[in-house]
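Contents: one structure, followed by commentary.
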Amino acid sequence: MAKKPASANEAAVPKADPRTRAIEALMALVAERGWAEVELADVALKADMPLSVLRDLFPSKGAMLAGFGRMLDKAVLDNANPDLVGEPAHERVFDLVMRRIDAMAPYKPALIEIRRAMRRDPLSAAALNQSALNSWRYLLGSVGIPVEDALGMLKIQGAVLVFARTADTWLDDTDESMAQTMATLDRELKRGGRVLGMAEDVRRLAAPFHSLAEAIFERAPRMRRRERAEGGNDDTVTAV
């Protein structure tokens, strides 16, 4: 029997790439059944691909979840807000967090189930934190927040915590205006700003001591080499 040709509309709509199909399948199944009840074979069936193909794409559900995070990052990074250039850091990061939450909105039922599962699985939660650090290194950079300076890692981990607490509120926020979510975000950003300010003060106050320590550690090997050299010269004179 001849295969029915695709319509013009079907031909115009590209099929999602295999990674995206797998991630979308996982999130749909988790929303229906919960995290622990979804098997890899279920994801392959839902994504309409052989299990062997899924294995080549992702080694585990956790890897698919990390891929989901990268998918959200791309959506946010591809839709930066140029109107905020030059605004205070608080405003830029506030907008960034809300744009990422907007990208998460279609997956809220699945994310509620994932939160429930992660609270019972600290090892998986720790792995997700590492994935989040990688995400926020790029996200902060996209709004002009330096992350390669002396306090870069503190800024990144702080952003992860701010986002986690804001997202936790958002998952329980049923108000379309997201007033509670935005209030949490504003509060956490102010708290994070105070912590970062104190850390900067400590770093600035400690800078002279770091310079002194570096000078001492650099000088010590030179002194030892000089003492050994002088000791060697004395031995030579005695032998003669």
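From E113, E91, which residue is charged (D, E, K, R), part of a helix (DSSP H, G or I) and modelled with pLDDT under 95? Just a single option satisfies the conditions, and that option is E91. Determine whether S52 is surrounded by fewer than 15 Cβ atoms within 10 Å (Cβ to Cβ), farther than 22 Å from R120 by Cα and at pLDDT 95 or above. Answer is yes for this residue. Consider only pairs whose beta carbons are under 8 Å apart and that are at least six residues apart or on different chains; among these, list those whose first residue lies in the stretch 109-123 and is acidic (D, E) and whose second residue is not in a helix (DSSP H, G or I). What qualifies is E113/G34; E113/W35. In the stretch 141-154, the count of residues that are under 14 Å from D73 (Cα atoms) and part of a helix (DSSP H, G or I) is one or more.
Can you find a residue that is on the phi < 0 side of the Ramachandran plot, exposed (fewer than 14 other Cβ atoms within 10 Å of the Cβ) and either of a type in the set (A, V, I, L, M, F, W, C) or in the same structural domain as P109 (by TED's automatic domain parsing) (or both) anywhere in the stretch 21-35? The answer is no, given that none of the residues of the stretch 21-35 is on the phi < 0 side of the Ramachandran plot, exposed (fewer than 14 other Cβ atoms within 10 Å of the Cβ) and either of a type in the set (A, V, I, L, M, F, W, C) or in the same structural domain as P109 (by TED's automatic domain parsing) (or both). One residue alone among D78, D95, D83, D102 is closer than 17 Å to L171 by Cα, in the same structural domain as L189 (by TED's automatic domain parsing) and of a type in the set (D, E), and that residue is D102. You will find that of W170, W136, the residue that is within 22 Å of A28 (Cα to Cα) and either modelled with pLDDT under 95 or hydrophobic (A, V, I, L, M, F, W, C) (or both) is W170 and no other.
The values are calculated or read from the model by the stated rules, or taken from the named source; none is laboratory data. All of these numbers come straight from a predicted model, not from anything done at the bench. Every residue, glycine as well, gets a Cβ built from its backbone with ideal geometry; the counts of neighbours run over all protein chains shown.
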